[in-house]
Amino acid sequence: MKSLNWVSRFLDETPGDSEVGGKPRQVLGACWSRVKPTPTPKPVLRLWSYKMAEELGVNYGGDEFLGGKDILDGMDCYAQRYGGHQFGNWAGQLGDGRAITLGEVDTGAKVFDIQLKGSGVTPYSRFADGKAVLRSSIREFICSEAMYYLGIPTTRVLSMVTTGEDVVRDVLYNGNPAPEPGAIVCRVAESFIRFGSFQIHAITGDTETLRSLVEYTVKHHFPKHNIATDESIIEWLKQIADETALMIAHWMRVGFVHGVMNTDNMSIHGLTIDYGPYGWIEDYDLGWTPNTTDAGRKRYRFGNQAQIGAWNFARLLESIGPIMSDPEMLYQALDFFYESYEIHSNSMWADKLGIEVLEKSDDELIEEMTSLLQSTETDMTIFFRLLSSIDTPDIKHLKYAFYKVDEIPVEQWNNWLNKWWKRVDSNPDKTKMNKANPKYVLRNWMAQLAIDAAEEEDYTIAEELCKLLENPYDDQPDFEEKWFQKRPEWARNRVGCSMLSCSS
Ligand code: AMP
Ligand code: MG
């Protein structure tokens with residue numbers, strides 16, 4: 001890290017807070033506040049992404065600054081100011097309450113933001129401590145890696161460090177706070193600018209700051225675009241629509257449920273960001289949400305993610321309105337989101353089912369399949385993976401995907417399989433299917449096993465999962481018996497597996 005080429009475009013080119021340091025406060029007219037990580041007592045490097053390190057050009061190591069203890073020459077640390085709609089309600093100023101960007105690194109090929117998550121209070125910490133616990137940090141580390149290797153746009157990770165200090169959390173928000181080991185993840189992305197980064201200025205009526213953030217964002221992150229006219233602004237927003245829609249179509253493809261799709265957790269680059277109470281579908285349940293805070297309304301359930309993506313995108317559009325002459329034009333960008341999602345979703349289904357190009361008449365085939373998948377407990381990942389391996393349209397080849405074999409609606413499934421088989425001329429594109437249907441994903445209970453071991457200072461499971469998930473589409477026979485598995489019974493109702501809170 002010492003030899004890296006640190007630059008500071010964001011701090012140089014957007015307005016910032018004149019006050020320095022972490023005292024929680026309302027900040028006005030600014031995109032960021034300068035603040036340093038709080039030193040931690042005993043940082044120890046535990047997990048490392050070799051791939052990310054290679055891309056950045058850094059060698060293994062750096063417990064001290066990755067754990068927030070040292071600041072290197074060239075780093076200019078800050079917390080970003082943003083707002084957001086949480087669960088549909090405007091929540092005012094949020095901002096990086098426990099993330100501190102160390103600076104931007106120019107690798108020659110690309111400029112990356114390097115950020116520590118869990119490194120102490122910032123002006124945006126509100127009532128909280130600015131820290132993160134080991135369990136949520138492991139989940140963020142492994143899942144970021146898993147998404148990257150699945151080919152799904154995501155923020156990346158470089159490292160995870162334990163801090164040597166305990167952090168108190170009430171995991172289920174039920175009045176039982178307890179100390180847990182603290183940790184810090186080093187995250188990397190082209191930027192951590194979110195929908196909420198624009199909203200805060202629009203909603204507070206600060207058009208000047210809004211305009212300079214938009215100018216900065218387009219100049220550095222969308223260089224093919226400009227904001228000279230309303231038409232060109234719409235073109236820029238359409239790219240964001242398309243990237244956001246594509247990201248969500250990917251989530252639907254692999255059974256990922258983000259869990260907290262608040263507008264402050266929506267990246268302007270269509271990256272999966274802020275791994276909190278996310279979860280992976282086991283049985284195919286469109287109504288499932290991993291987030292206990294959302295258990296009542298299930299706003300962020302699996303099957304509602306595209307709809308929420310559109311809702312969030314509409315909030316971004318509203319916040320760009322103040323810099324346009326004719327804000328009515330923004331509806332074009334919203335329509336484009338829906339069109340774009342449909343295109344990505346159709347090609348996702350075509351890939352999953354080994355169909356060359358999806359036709360309107362295939363809607364029925366897909367609907368029938370998704371309703372059958374929900375009629376009895378069926379493992380999504382195993383079902384789609386096995387579908388590419390069958391040579392005759394008979395449900396007996398897919399038995400392993402079902403939790404209760406005697407409950408399989410055999411006749412209905414065989415009926416569907418025959419329709420599908422006919423549709424693909426008895427010859428589904430298996431290569432395409434295997435690239436769309438991962439064999440291994442980060443099932444909730446797998447992450448929990450890694451956490452249980454790490455809490456005993458054993459990182460071998462976390463490392464094994466990272467290794468496994470580097471090649472999620474490969475068969476990897478050595479790992480099959482252990483990880484190509486449905487949810488074990490112990491995980492059905494266990495905290496951290498079937499339900500997760502935002503406490504992290
Ligand atoms: P999230 O829903 O996890 O993305 O967080 C929502 C807001 O709460 C963001 O502004 C976070 O920075 C902030 N936040 C979450 N956890 C903490 C914490 N432990 N300390 C300070 N701020 C936090
Ligand atoms: Mg967040």
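Tell me, what is the percent relative contact order of the chain, built from C-alpha pairs under 8 Å that lie six or more residues apart?
14
Need the full-extension length gain, A109 to E489, defined as separation in residues times 0.36 nm minus the C-alpha distance. One decimal, nm.
On the way: separation 380, 0.36 × 380 = 136.80 nm, distance 4.73 nm.
Using 0.36 nm per residue and subtracting the Cα-Cα distance, I get 132.1 nm.
Using the Karplus relation 6.51 cos²θ - 1.76 cosθ + 1.60 with θ = phi - 60°, the per-residue 3J(HN,Hα) values for segment 230-244 come to 4, 4, 6, 4, 4, 4, 4, 5, 5, 5, 5, 4, 5, 5, 5 Hz, with x marking Gly and Pro. The alpha carbons of segment 275-424 stretch over 61, 38, 21 Å along the principal axes, in descending order. Dividing the C-alpha radius of gyration of segment 355-427 by 2.2 N^0.38 Å, with N its residue count, gives 1.05.
With a Cα-only, solvent-free Debye model of segment 363-504, what are the log10 I(q)/I(0) values at q = 0.19 Å⁻¹? Log10 of I(q)/I(0), two decimals: -1.19. The per residue volume of the convex hull around the alpha-carbon atoms of segment 224-351 is 107 Å³.
Using the Kirkwood formula on the Cα atoms of segment 6-195, what hydrodynamic radius do you get, in angstrom to one decimal?
On the way: mean 1/r = 0.0588 Å⁻¹.
Averaging 1/r across every pair of different Cα atoms and inverting gives 17.0 Å.
Each DSSP beta bridge with both residues in the chain is either parallel or antiparallel, and the antiparallel ones are about 95%.
May I have the convex hull volume per residue, in Å³, for the Cα set of segment 37-150?
On the way: hull volume 16.0 nm³, N = 114.
Taking only Cα atoms, segment 37-150 has a hull volume of 140 Å³ per residue.
For segment 84-231, the spread of Cα positions along the three principal axes, ordered from largest to smallest, is 54, 37, 26 Å.
For the chain, the alpha-carbon coordinates run over 70, 58, 46 Å along the three principal axes, in decreasing order.
In Å², what does the accessible area per residue of the chain work out to with a 1.4 Å probe?
Numbers: 19930 Å² over 504 residues.
Value returned for the chain: 40 Å² of accessible area per residue.
Under a cut-off of 18 Å between alpha-carbon atoms, report the lysines in cross-link reach of K419, not counting same-chain residues fewer than 8 places apart. List returned: K352, K360, K396, K430.
Solvent exposure of D285, expressed as accessible area, is near 60 Å², computed with a probe of 1.4 Å over the protein chains only. Here the accessible area of segment 209-347 is 50 percent carbon and sulfur, with a 1.4 angstrom probe and all protein chains present. Straightening the chain between N59 and R25 buys 8.5 nm, computed as 0.36 nm per residue apart minus the Cα-Cα spacing.
Within the set K36/K238; K298/K422; K110/K238; K51/K399; K110/K435; K23/K224, which residue pairs have Cα atoms separated by over 32 Å? Numbers along the way, then the final one.
Numbers: K36/K238 36 Å; K298/K422 37 Å; K110/K238 23 Å; K51/K399 37 Å; K110/K435 27 Å; K23/K224 39 Å.
Listed pairs above 32 Å: K36/K238; K298/K422; K51/K399; K23/K224.
In this structure, E359 and M324 have a Cβ-Cβ separation that, at R0 = 30 Å, corresponds to a calculated FRET efficiency of about 0.20. Once the Cβ-Cβ distance between S426 and I343 is put in as r, and R0 is 25 Å, what FRET efficiency do you end up with, to the nearest 0.05? E(calc), rounded to 0.05, equals 0.35.
Once both labels are positioned 7 Å from their Cα atoms along Cα-to-Cβ, the gap between T229 and Y173 label points is 4.8 nm. For segment 331-393, the orientation-averaged shadow of the C-alpha convex hull comes to 5.6 nm² (one quarter of the hull surface). With Cα atoms as the point set, the radius of gyration and Dmax of segment 91-175 evaluate to 14.9, 50 Å.
The values are calculated or read from the model by the stated rules, or taken from the named source; none is laboratory data. Everything quoted here is computed from the prediction, not taken from an experiment. FYI the Cβ positions are ideal-geometry reconstructions off the backbone, even for glycines, and counts take in every protein chain you see. Note: accessible area is taken over every heavy atom of the protein model, side chains too, but ligands, DNA and RNA are not part of it. Shrake-Rupley method; radii C 1.70, N 1.55, O 1.52, S 1.80 Å.
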